[in-house]
Amino acid sequence: MNPAIHAAIIAATQQEAVREKVESKLRNAKALDPSSAILFAPADKAEQKLLNAAVGTGNVVRTNDGRVYLDERAVADRRQGKGFKALLITLAIGSLIASVAVLAARVGG
C-alpha cells in the first residue's frame, strides 16, 4: 500500500477517535441542548482542532456565552452519510484497480 494512503488512513482513524472523545464528553455531561450547554476545555491541541471542526460542521453548537452542546441530530445525519461516502470510496478504489489491471493486460499482451 502507498505510504501516503496508509498515513492518511491512520490520521483519519486518530481524528475519528478524538472526535468520538469530544462527543462522548458532551454526551456524558448531558450537554445536548442550549439549556444544558457546558464550558468545554479541550485536553490538547488536537481536541481543540476537532472541537472547532465539530462546531464548523454543526455537530457541536456554541452558544452566545461560549458554552457548547452536542447536536445529536447533526451527528446522526453525519453517521448516515458515512455509509454513502464509504460506498463511493470503495467504488473509486475498485475502478482504479480495474483500470490498472486493464492497462497491465494491454502492456503485457
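For segment 52-72, name all the residues that are among the acidic types (Asp, Glu) and outside any helix (DSSP H, G or I).
ASP65, ASP71
Considering only residues that are out of contact with any Gly (no Cβ under 8 Å at 6 or more places or on another chain), at pLDDT below 80 and among the small types (Gly, Ala, Ser), which ones fall in segment 50-97?
ALA76, GLY81, GLY83, ALA86, ALA92, GLY94
Only one of ARG19, ARG27 is modelled with pLDDT of 85 or more, basic (Lys, Arg) and within 19 Å of the chain's Cα centre (by Cα); which?
Just a single option satisfies the conditions, and that option is ARG27.
The values are calculated or read from the model by the stated rules, or taken from the named source; none is laboratory data. Just so it is clear, the structure is predicted and the values come from calculations on it, not from any experiment. Every residue, glycine as well, gets a Cβ built from its backbone with ideal geometry; the counts of neighbours run over all protein chains shown.
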